[in-house]
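What follows draws every value from the coordinates through simple rules; no lab data is involved. Remember, it's a predicted structure, so these values are computed and weren't measured experimentally. Positions of Cβ are backbone-derived with ideal geometry, glycine not excepted, and every protein chain shown enters the neighbour counts.
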Amino acid sequence: MRSGFPDFRLGSVLATSFTATLTERRGEPVERIPTPQRLVDWLAVSGLAVESCTAAQLDLARELREAIHAAATATATREVLPAAAVQVINDRSVQGRAAAVLTSEGERRWRVAGVEDALSVIAADAISIISGERDGKMALCASPTCLAAFFDTSQSRTRRWCDMNTCGNRSKKARFQANQRRKSGSS
Ligand SMILES: [Zn+2]
């Protein structure tokens, strides 16, 4: 945590790591990129470092985030993709000039000059998971206060939580406490 801001929940999938910058959507939502600088920080730890971000760019980012969330949720529940969300994702994808570059160690890096470029990479990542192009399955987190859409890449496609360390753990703890109560009640 940095200067009192909520920390990031980073996963292995860029697009859903991005939607996870707003968590507990069905409970008490936690905004993890409350300021332009926090978006700069998030982009830096996500391999999309940019120098600065304006308030308008943060708005663009949040609009993309909610569009990805809506489209990913529709995919997970097998509903028709919301047209407005598709439009936002496509606009952001088209309006960036990011370039993939290969390092001499054989790794892919993104060359981005600004927030719009970084958002285009995130939008393209969202397109690749929503379109079914990548190996995995869109699913919704089992936590009732979360219901985040996540991309399940487990062998069995039976992952239940968006994040094992938070939603998964909380559910385990709740079950444990319920068991303890039952035990102490019956003795
Ligand atoms: Zn969750």
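With respect to being under 14 Å from the mean Cα position of the chain (by Cα) and aromatic (Phe, Trp, Tyr), Trp110 falls outside the description. Cβ separations smaller than 8 Å between residues 6+ apart or across chains give the following pairs from the stretch 27-38 residues that are closer than 23 Å to Ala118 by Cα to residues that are β-branched (Val, Ile, Thr): Val30/Thr23; Glu31/Thr21; Arg32/Thr21; Arg32/Thr23; Ile33/Thr21; Pro36/Thr54. Restricting to the stretch 39-63, what's the tally of residues that are part of a loop (DSSP other than H, G, I, E, B) and among the charged types (D, E, K, R)? Within the stretch 39-63, residues that are part of a loop (DSSP other than H, G, I, E, B) and among the charged types (D, E, K, R) number 1. Report yes if some residue within the stretch 18-29 is within 16 Å of the ligand (Cβ to nearest atom) and assigned to a helix (DSSP H, G or I); otherwise report no. Looking for residues that are within 16 Å of the ligand (Cβ to nearest atom) and assigned to a helix (DSSP H, G or I), one finds at least one in the stretch 18-29, hence yes. For the residues Thr35, Thr54, Thr23, the requirement of being within 24 Å of Trp161 (Cα to Cα) and not basic (Lys, Arg) singles out Thr23. Within the stretch 64-94, being touching a helix residue (DSSP H, G or I) at 6+ places or on another chain (Cβ under 6 Å) and either surrounded by fewer than 16 Cβ atoms within 10 Å (Cβ to Cβ) or not in a helix (DSSP H, G or I) (or both) holds for Leu81, Pro82.
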